[in-house]
């Protein structure tokens with residue numbers, strides 16, 4: 001409980017510190033327009049994590065600013081904009097350095113940027129994350145773990161996750177592929193009969209197995 005209380009005090013102190021410097025801020029949030037065609041959504045849990053990140057580490061906005069076009073419409077950073085509104089108020093002000101204007105772009109270029117800015121081109125190196133980072137911190141910072149594995153907070157099991165990953169890799173490296181079939185639930189009592197029928201059918205193909 002003391003640890004949670006201390007974290008709340010630290011976050012409130014940082015937030016108050018940010019608000020005390022409002023006089024240095026020049027860009028009014030109500031001059032920025034959210035993009036109605038933004039294809040990304042932010043769920044409540046992710047919203048709170050992003051808000052926490054921006055309160056604790058506002059300097060990141062200087063390195064990853066909101067991108068707007070010449071009309072003030074957001075091309076990149078809609079979620080950060082929503083969080084900043086929640087922190088500073090809809091008529092609040094933020095540093096100019098937190099916003100960058102992309103001028104002279106065609107509509108096609110703007111559309112491309114909106115998608116490419118949100119696309120996830122890379123993949124996490126899970127081994128490196130496990131060895132060099134703390135799992136609860138990663139989850140707190142917004143890293144998406146598999147749903148059935150990441151909900152444990154401090155109890156997250158990296159070892160079990162990587163074991164599953166190794167098994168999947170072995171399957172992908174083998175000279176076999178797996179085929180999954182689905183049947184209507186109404187045939188549930190016929191599973192064994194269907195399995196036997198498949199086994200008989202597959203006998204003519206050497207190496208094909210029905211498990």
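The values are calculated or read from the model by the stated rules, or taken from the named source; none is laboratory data. As the structure is a prediction and not an experimental result, all values here were calculated from the model. Positions of Cβ are backbone-derived with ideal geometry, glycine not excepted, and every protein chain shown enters the neighbour counts.
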(request) Quick one: residue 4 ticks every box in (1) surrounded by 11 or more Cβ atoms within 10 Å (Cβ to Cβ); (2) assigned to a helix (DSSP H, G or I); (3) modelled with pLDDT under 80 except a single one, so which number is it? (result) (1)
(request) Exactly one condition in (1) closer than 24 Å to residue 42 by Cα; (2) assigned to a loop (DSSP other than H, G, I, E, B); (3) modelled with pLDDT under 70 is not met by residue 175; state its number. (result) (1)
(message) Can you report the number of residues in the range 125-149 which are more than 22 Å from residue 54 (Cβ to Cβ) and either loosely packed, with under 13 Cβ neighbours inside 10 Å or at pLDDT below 55 (or both)?
(response) 9
(message) What's the total number of residues in the range 29-49 that are under 16 Å from residue 89 (Cα atoms) and either assigned to a helix (DSSP H, G or I) or in contact (Cβ under 8 Å) with a residue 60 or more places away in the chain (or both)?
(response) 6
(request) Considering (1) modelled with pLDDT of 80 or more; (2) closer than 22 Å to residue 41 by Cβ; (3) crowded, with 16+ Cβ neighbours inside 10 Å, say which one residue 94 fails and leave the rest. (result) (2)
(message) Anything in the range 52-70 that is closer than 13 Å to residue 94 by Cβ and assigned to a strand (DSSP E or B)? List them, or say none.
(response) 66, 68
